[in-house]
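Worksheet: one structure, shown below.
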Amino acid sequence: MEVVEGRTVLLRRRDVPVVLGVDGGGTKTHVLVADLTGHVLGSGTGGPSNWEDVGMVGAGETLRAAVLEAIQQAGVLPADVVGCVFGLAGMDWEDDQRRMHSLPDSFAFGGPSVVVNDSFVALRAGSSHPWGVVVIAGTGAIAGGRNRAGDAFRTLGLGAAFGDFGSATDVSDEGVRAIAEAATGKGPPTALTGLDSVLRVLEELSRGRMDPSRFGPLIVQVAGHGDDVAREILERAGDSLGRSAAAVIRRLEMQDDEFEIVLSGGMLRGASEDVRVALEAVVRPVAPHATFVRLRTAPVVGAVLLAMESAGLDVDAALHERLAEDAIERFHLDLP
(Lines give C-alpha, C1' and ligand atoms only; values in the text may rest on other atoms or scores of the structure.)
Protein backbone atom coordinates (compact mmCIF):
# COMPACT_ATOMS: atom_id res chain seq x y z
CA MET A 1 0.00 0.00 0.00
CA GLU A 2 1.32 3.44 -0.94
CA VAL A 3 0.09 6.96 -0.35
CA VAL A 4 0.05 9.03 -3.55
CA GLU A 5 -1.01 12.66 -3.34
CA GLY A 6 -2.89 11.98 -0.11
CA ARG A 7 -4.69 8.89 -1.49
CA THR A 8 -4.20 5.31 -0.34
CA VAL A 9 -3.15 3.11 -3.25
CA LEU A 10 -3.18 -0.69 -2.88
CA LEU A 11 -0.60 -2.71 -4.78
CA ARG A 12 -1.25 -6.25 -6.03
CA ARG A 13 1.47 -8.75 -5.13
CA ARG A 14 -0.65 -11.84 -5.73
CA ASP A 15 -2.93 -12.47 -8.68
CA VAL A 16 -5.33 -14.90 -6.97
CA PRO A 17 -9.04 -14.92 -6.17
CA VAL A 18 -9.77 -14.54 -2.46
CA VAL A 19 -12.65 -14.30 -0.01
CA LEU A 20 -12.97 -11.84 2.83
CA GLY A 21 -14.74 -12.12 6.18
CA VAL A 22 -15.44 -9.47 8.82
CA ASP A 23 -16.56 -9.80 12.42
CA GLY A 24 -17.36 -6.31 13.69
CA GLY A 25 -18.46 -6.22 17.31
CA GLY A 26 -18.95 -3.95 20.25
CA THR A 27 -15.42 -4.41 21.57
CA LYS A 28 -13.26 -5.39 18.58
CA THR A 29 -13.15 -5.94 14.83
CA HIS A 30 -11.49 -8.90 13.07
CA VAL A 31 -10.94 -9.30 9.32
CA LEU A 32 -9.54 -12.28 7.41
CA VAL A 33 -8.60 -12.66 3.74
CA ALA A 34 -8.17 -16.26 2.59
CA ASP A 35 -7.53 -18.05 -0.66
CA LEU A 36 -10.07 -20.54 -1.98
CA THR A 37 -8.37 -23.47 -0.21
CA GLY A 38 -8.78 -21.89 3.22
CA HIS A 39 -5.26 -20.56 3.75
CA VAL A 40 -5.26 -17.16 5.46
CA LEU A 41 -3.30 -14.60 3.45
CA GLY A 42 -4.01 -11.48 5.49
CA SER A 43 -5.68 -10.27 8.66
CA GLY A 44 -6.76 -6.97 10.14
CA THR A 45 -7.86 -5.84 13.58
CA GLY A 46 -9.56 -2.79 14.99
CA GLY A 47 -11.58 -1.46 17.87
CA PRO A 48 -15.36 -1.50 18.21
CA SER A 49 -17.43 -1.15 15.05
CA ASN A 50 -20.99 -1.38 16.35
CA TRP A 51 -22.53 1.72 14.78
CA GLU A 52 -25.02 2.01 17.64
CA ASP A 53 -22.10 2.64 20.01
CA VAL A 54 -19.56 4.51 17.86
CA GLY A 55 -21.79 6.01 15.15
CA MET A 56 -21.79 5.35 11.43
CA VAL A 57 -18.67 7.41 10.83
CA GLY A 58 -16.72 5.70 13.60
CA ALA A 59 -17.89 2.24 12.52
CA GLY A 60 -17.02 2.96 8.90
CA GLU A 61 -13.53 4.21 9.75
CA THR A 62 -12.76 1.18 11.93
CA LEU A 63 -14.06 -1.31 9.37
CA ARG A 64 -12.31 0.36 6.46
CA ALA A 65 -8.96 0.44 8.27
CA ALA A 66 -9.17 -3.22 9.29
CA VAL A 67 -10.28 -4.37 5.82
CA LEU A 68 -7.51 -2.43 4.10
CA GLU A 69 -4.97 -3.85 6.55
CA ALA A 70 -6.05 -7.40 5.71
CA ILE A 71 -6.10 -6.76 1.96
CA GLN A 72 -2.67 -5.14 2.11
CA GLN A 73 -1.22 -8.09 4.04
CA ALA A 74 -2.71 -10.48 1.51
CA GLY A 75 -1.19 -8.54 -1.38
CA VAL A 76 -4.42 -8.46 -3.35
CA LEU A 77 -6.87 -5.83 -4.56
CA PRO A 78 -10.57 -5.44 -3.67
CA ALA A 79 -11.38 -6.59 -7.21
CA ASP A 80 -9.77 -9.97 -6.36
CA VAL A 81 -12.38 -10.60 -3.62
CA VAL A 82 -14.90 -13.02 -5.15
CA GLY A 83 -17.09 -13.09 -2.06
CA CYS A 84 -17.27 -11.30 1.27
CA VAL A 85 -19.44 -11.40 4.38
CA PHE A 86 -19.61 -8.67 7.00
CA GLY A 87 -20.94 -9.97 10.33
CA LEU A 88 -21.79 -6.82 12.27
CA ALA A 89 -23.14 -6.04 15.71
CA GLY A 90 -25.94 -3.50 15.54
CA MET A 91 -27.59 -5.27 12.60
CA ASP A 92 -30.88 -5.46 14.46
CA TRP A 93 -33.62 -4.23 12.12
CA GLU A 94 -34.42 -4.10 8.42
CA ASP A 95 -33.33 -0.47 8.23
CA ASP A 96 -29.90 -1.51 9.51
CA GLN A 97 -29.45 -3.81 6.51
CA ARG A 98 -29.85 -0.92 4.11
CA ARG A 99 -27.73 1.37 6.25
CA MET A 100 -24.80 -1.02 6.76
CA HIS A 101 -24.62 -2.41 3.22
CA SER A 102 -23.06 0.86 2.10
CA LEU A 103 -19.86 -0.18 3.88
CA PRO A 104 -18.91 -3.24 1.80
CA ASP A 105 -20.30 -1.58 -1.33
CA SER A 106 -17.77 1.23 -0.91
CA PHE A 107 -14.86 -1.16 -1.52
CA ALA A 108 -16.01 -2.24 -5.01
CA PHE A 109 -15.25 -5.91 -4.34
CA GLY A 110 -15.14 -8.22 -7.34
CA GLY A 111 -17.85 -10.56 -6.03
CA PRO A 112 -21.04 -10.48 -3.98
CA SER A 113 -21.06 -8.92 -0.53
CA VAL A 114 -23.43 -9.94 2.26
CA VAL A 115 -24.12 -8.20 5.57
CA VAL A 116 -25.53 -10.24 8.47
CA ASN A 117 -25.95 -9.96 12.21
CA ASP A 118 -22.71 -11.06 13.87
CA SER A 119 -24.44 -13.97 15.63
CA PHE A 120 -24.65 -15.82 12.30
CA VAL A 121 -20.90 -15.72 11.70
CA ALA A 122 -20.34 -17.19 15.18
CA LEU A 123 -22.82 -19.93 14.28
CA ARG A 124 -20.99 -20.82 11.07
CA ALA A 125 -17.58 -20.65 12.77
CA GLY A 126 -18.59 -23.29 15.30
CA SER A 127 -20.90 -25.53 13.28
CA SER A 128 -19.79 -28.34 10.99
CA HIS A 129 -22.57 -27.42 8.56
CA PRO A 130 -24.25 -24.25 7.29
CA TRP A 131 -27.18 -24.97 9.61
CA GLY A 132 -27.48 -25.12 13.38
CA VAL A 133 -28.15 -22.90 16.38
CA VAL A 134 -25.91 -20.49 18.25
CA VAL A 135 -26.22 -19.11 21.76
CA ILE A 136 -23.96 -16.20 22.65
CA ALA A 137 -23.51 -14.93 26.19
CA GLY A 138 -20.72 -12.40 26.39
CA THR A 139 -21.13 -8.67 26.91
CA GLY A 140 -24.58 -9.19 25.39
CA ALA A 141 -26.79 -12.23 24.83
CA ILE A 142 -28.52 -13.57 21.72
CA ALA A 143 -29.66 -16.85 20.18
CA GLY A 144 -29.97 -17.49 16.46
CA GLY A 145 -30.22 -20.31 14.00
CA ARG A 146 -30.53 -21.50 10.43
CA ASN A 147 -32.25 -24.71 9.35
CA ARG A 148 -31.37 -27.02 6.47
CA ALA A 149 -33.75 -25.17 4.17
CA GLY A 150 -31.81 -21.95 4.76
CA ASP A 151 -34.46 -20.21 6.87
CA ALA A 152 -32.91 -18.05 9.60
CA PHE A 153 -34.20 -16.59 12.83
CA ARG A 154 -32.73 -14.95 15.92
CA THR A 155 -33.80 -13.27 19.10
CA LEU A 156 -33.50 -9.50 19.28
CA GLY A 157 -30.19 -9.40 21.15
CA LEU A 158 -31.04 -6.02 22.68
CA GLY A 159 -30.70 -6.90 26.35
CA ALA A 160 -32.84 -8.18 29.18
CA ALA A 161 -35.57 -5.58 28.62
CA PHE A 162 -36.13 -7.09 25.15
CA GLY A 163 -36.10 -10.71 26.33
CA ASP A 164 -32.40 -11.64 26.09
CA PHE A 165 -31.23 -12.15 29.68
CA GLY A 166 -28.09 -14.13 30.43
CA SER A 167 -25.13 -12.00 29.39
CA ALA A 168 -22.11 -11.30 31.57
CA THR A 169 -23.54 -7.80 32.01
CA ASP A 170 -26.84 -9.23 33.28
CA VAL A 171 -25.07 -11.59 35.65
CA SER A 172 -22.94 -8.78 37.05
CA ASP A 173 -26.00 -6.57 37.55
CA GLU A 174 -27.77 -9.39 39.36
CA GLY A 175 -24.71 -9.79 41.57
CA VAL A 176 -24.86 -6.12 42.54
CA ARG A 177 -28.56 -6.50 43.35
CA ALA A 178 -27.84 -9.56 45.50
CA ILE A 179 -25.08 -7.73 47.39
CA ALA A 180 -27.36 -4.76 48.04
CA GLU A 181 -30.25 -6.93 49.21
CA ALA A 182 -27.98 -8.97 51.48
CA ALA A 183 -26.50 -5.77 52.94
CA THR A 184 -29.94 -4.31 53.72
CA GLY A 185 -31.41 -7.59 54.96
CA LYS A 186 -33.96 -7.79 52.14
CA GLY A 187 -32.27 -10.81 50.60
CA PRO A 188 -30.44 -13.92 51.84
CA PRO A 189 -26.82 -13.78 52.95
CA THR A 190 -24.22 -14.48 50.29
CA ALA A 191 -20.47 -14.81 50.05
CA LEU A 192 -20.68 -12.02 47.48
CA THR A 193 -20.74 -9.61 50.44
CA GLY A 194 -17.29 -10.79 51.51
CA LEU A 195 -15.77 -7.47 50.54
CA ASP A 196 -13.73 -5.03 52.61
CA SER A 197 -16.61 -2.58 52.91
CA VAL A 198 -19.90 -3.56 51.31
CA LEU A 199 -21.55 -0.18 51.78
CA ARG A 200 -18.47 1.58 50.43
CA VAL A 201 -18.54 -0.64 47.35
CA LEU A 202 -22.25 0.02 46.83
CA GLU A 203 -21.61 3.75 47.14
CA GLU A 204 -18.86 3.58 44.50
CA LEU A 205 -21.18 1.65 42.21
CA SER A 206 -24.05 4.09 42.68
CA ARG A 207 -21.77 7.02 41.84
CA GLY A 208 -20.49 5.35 38.68
CA ARG A 209 -16.96 5.14 40.07
CA MET A 210 -16.80 1.34 39.90
CA ASP A 211 -17.51 -0.97 36.97
CA PRO A 212 -20.15 -3.57 37.94
CA SER A 213 -18.67 -6.03 35.43
CA ARG A 214 -15.95 -6.81 37.99
CA PHE A 215 -18.54 -8.89 39.88
CA GLY A 216 -19.06 -11.41 37.07
CA PRO A 217 -15.90 -13.45 37.83
CA LEU A 218 -16.64 -13.16 41.56
CA ILE A 219 -20.09 -14.66 41.06
CA VAL A 220 -18.64 -17.60 39.14
CA GLN A 221 -15.98 -18.07 41.81
CA VAL A 222 -18.29 -18.13 44.84
CA ALA A 223 -20.83 -20.25 42.97
CA GLY A 224 -18.07 -22.80 42.50
CA HIS A 225 -17.66 -22.82 46.28
CA GLY A 226 -21.34 -23.59 46.77
CA ASP A 227 -22.88 -20.15 47.35
CA ASP A 228 -26.61 -20.59 46.77
CA VAL A 229 -27.28 -16.98 45.73
CA ALA A 230 -24.49 -16.95 43.15
CA ARG A 231 -25.54 -20.33 41.78
CA GLU A 232 -29.15 -19.17 41.46
CA ILE A 233 -28.01 -16.17 39.42
CA LEU A 234 -26.03 -18.36 37.03
CA GLU A 235 -28.77 -20.96 36.77
CA ARG A 236 -31.32 -18.26 35.97
CA ALA A 237 -29.03 -16.95 33.23
CA GLY A 238 -28.66 -20.44 31.78
CA ASP A 239 -32.40 -21.06 31.94
CA SER A 240 -33.10 -17.83 30.04
CA LEU A 241 -30.47 -18.60 27.41
CA GLY A 242 -31.93 -22.07 27.03
CA ARG A 243 -35.42 -20.67 26.51
CA SER A 244 -34.06 -18.34 23.84
CA ALA A 245 -32.42 -21.28 22.05
CA ALA A 246 -35.62 -23.33 22.36
CA ALA A 247 -37.62 -20.47 20.83
CA VAL A 248 -35.26 -20.38 17.84
CA ILE A 249 -35.45 -24.16 17.42
CA ARG A 250 -39.25 -24.15 17.47
CA ARG A 251 -39.51 -21.20 15.09
CA LEU A 252 -37.26 -22.99 12.58
CA GLU A 253 -39.01 -26.35 13.18
CA MET A 254 -35.76 -28.11 14.05
CA GLN A 255 -37.03 -30.14 17.02
CA ASP A 256 -36.52 -33.50 15.32
CA ASP A 257 -33.32 -32.61 13.44
CA GLU A 258 -29.72 -33.48 14.15
CA PHE A 259 -27.67 -30.29 14.41
CA GLU A 260 -25.09 -28.51 16.53
CA ILE A 261 -25.77 -25.84 19.13
CA VAL A 262 -22.73 -23.58 19.21
CA LEU A 263 -21.98 -21.99 22.58
CA SER A 264 -20.06 -18.73 22.37
CA GLY A 265 -19.11 -15.90 24.70
CA GLY A 266 -17.35 -15.88 28.04
CA MET A 267 -20.34 -17.08 30.06
CA LEU A 268 -20.60 -20.25 27.96
CA ARG A 269 -17.09 -21.01 26.71
CA GLY A 270 -15.42 -21.47 30.05
CA ALA A 271 -16.85 -19.37 32.84
CA SER A 272 -19.41 -21.59 34.52
CA GLU A 273 -20.81 -25.09 34.31
CA ASP A 274 -23.91 -23.84 36.14
CA VAL A 275 -24.92 -21.73 33.14
CA ARG A 276 -24.34 -24.51 30.63
CA VAL A 277 -26.08 -27.18 32.69
CA ALA A 278 -29.17 -25.00 33.12
CA LEU A 279 -29.20 -24.13 29.42
CA GLU A 280 -28.94 -27.75 28.33
CA ALA A 281 -31.69 -28.80 30.74
CA VAL A 282 -34.11 -26.50 28.93
CA VAL A 283 -33.01 -27.35 25.38
CA ARG A 284 -32.62 -31.15 25.49
CA PRO A 285 -36.34 -31.94 25.82
CA VAL A 286 -37.03 -29.64 22.85
CA ALA A 287 -34.23 -30.91 20.58
CA PRO A 288 -33.10 -34.32 21.81
CA HIS A 289 -30.87 -34.99 18.78
CA ALA A 290 -28.89 -31.74 19.04
CA THR A 291 -25.22 -31.72 20.03
CA PHE A 292 -23.67 -28.93 22.11
CA VAL A 293 -20.27 -27.62 20.97
CA ARG A 294 -18.16 -24.73 22.20
CA LEU A 295 -16.84 -22.21 19.72
CA ARG A 296 -13.08 -22.78 19.70
CA THR A 297 -11.91 -20.22 17.17
CA ALA A 298 -12.55 -16.61 16.21
CA PRO A 299 -16.10 -15.91 14.98
CA VAL A 300 -14.65 -14.21 11.87
CA VAL A 301 -13.87 -17.72 10.57
CA GLY A 302 -17.61 -18.10 10.07
CA ALA A 303 -17.70 -14.95 7.97
CA VAL A 304 -15.03 -16.41 5.67
CA LEU A 305 -16.91 -19.71 5.37
CA LEU A 306 -20.16 -17.89 4.59
CA ALA A 307 -18.32 -15.81 1.99
CA MET A 308 -17.07 -18.99 0.33
CA GLU A 309 -20.54 -20.49 0.30
CA SER A 310 -22.09 -17.27 -1.02
CA ALA A 311 -19.60 -17.44 -3.90
CA GLY A 312 -20.69 -21.02 -4.68
CA LEU A 313 -17.58 -22.68 -3.25
CA ASP A 314 -17.50 -26.00 -1.40
CA VAL A 315 -16.45 -26.04 2.24
CA ASP A 316 -15.21 -29.27 3.81
CA ALA A 317 -14.03 -30.16 7.32
CA ALA A 318 -10.33 -29.87 6.45
CA LEU A 319 -10.77 -26.34 5.07
CA HIS A 320 -12.80 -25.33 8.11
CA GLU A 321 -10.17 -26.67 10.49
CA ARG A 322 -7.35 -24.97 8.58
CA LEU A 323 -9.10 -21.61 8.77
CA ALA A 324 -9.90 -22.08 12.45
CA GLU A 325 -6.28 -22.84 13.34
CA ASP A 326 -4.95 -19.97 11.25
CA ALA A 327 -7.32 -17.54 12.94
CA ILE A 328 -6.25 -18.64 16.42
CA GLU A 329 -2.64 -17.98 15.45
CA ARG A 330 -3.34 -14.69 13.67
CA PHE A 331 -5.32 -13.18 16.52
CA HIS A 332 -3.31 -14.81 19.35
CA LEU A 333 -6.42 -16.34 20.89
CA ASP A 334 -6.26 -18.23 24.17
CA LEU A 335 -9.54 -20.13 24.20
CA PRO A 336 -10.60 -22.61 26.91
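Here are a few things to note about the model shown:
- Axis angle, to the nearest 10 degrees, between helix 300-310 and the longest C-alpha principal axis of the chain: 50 degrees.
- The chain - charge dipole about Cα centre, Lys and Arg +1 at Cβ, Asp and Glu -1, debye rounded to 20: 200 debye
- Extended-chain gain in nm, criterion 0.36 nm per residue less alpha-carbon gap, Ala108 and Asp334: 77.9 nm
- Residue with peak Gaussian network fluctuation, the chain [Cα springs, cutoff 10 Å], from Leu32, Leu241, Leu313: Leu313
- Carbon and sulfur %, accessible surface of the chain computed with the full protein complex present, 1.4 Å: 50 percent
- Global form of the range 211-336, assessed from the alpha-carbon gyration tensor, a/c cut-off 1.5: oblate
- Under the simplified labelling scheme, the Asp15-Arg207 pair shows an inter-label distance of 6.8 nm, with each label point 7 Å from Cα along Cα→Cβ.
- Within the chain, helix-based [θ] at 222 nm, where runs of 4 or more DSSP H residues each add -39,500 (n - 2.57), nearest 500: -13000 deg cm²/dmol
- The long axis of helix 228-251 is offset from the longest Cα principal axis of the chain by roughly 40 degrees.
- D (Stokes-Einstein, µm²/s), Kirkwood Cα radius, the range 113-163, 1.002 mPa s at 20 °C: 188 µm²/s
- Result for the chain in a Gaussian network model with C-alpha springs under 10 Å: among Leu279, Leu263, Leu156, the largest mean-square fluctuation is at Leu156.
- Extension gain from Asp316 to Phe162, taking 0.36 nm per residue of separation minus the Cα-Cα distance: 51.7 nm
- Across the range 17-138, the volume of the C-alpha convex hull divided among the residues equals 103 Å³ per residue.
- Residue of Gly159, Gly208, Gly58 that the Gaussian network model of the chain assigns the largest fluctuation, springs spanning Cα pairs under 10 Å: Gly208
- 0 to 90° range, to nearest 10: angle between helix 215-224 axis and the chain longest Cα axis: 60 degrees
- Per residue value of the accessible surface for the chain (all protein chains in place, 1.4 Å probe), Å²: 45 Å²
The values are calculated or read from the model by the stated rules, or taken from the named source; none is laboratory data. These numbers come from a predicted model, not from an experiment. With ideal geometry, Cβ positions are generated from the backbone for all residues, glycine too; neighbour counts draw on all protein chains shown. Keep in mind that these areas ignore ligands, DNA and RNA; they rest on the heavy atoms of the full protein, side chains included. Shrake-Rupley method; radii C 1.70, N 1.55, O 1.52, S 1.80 Å.
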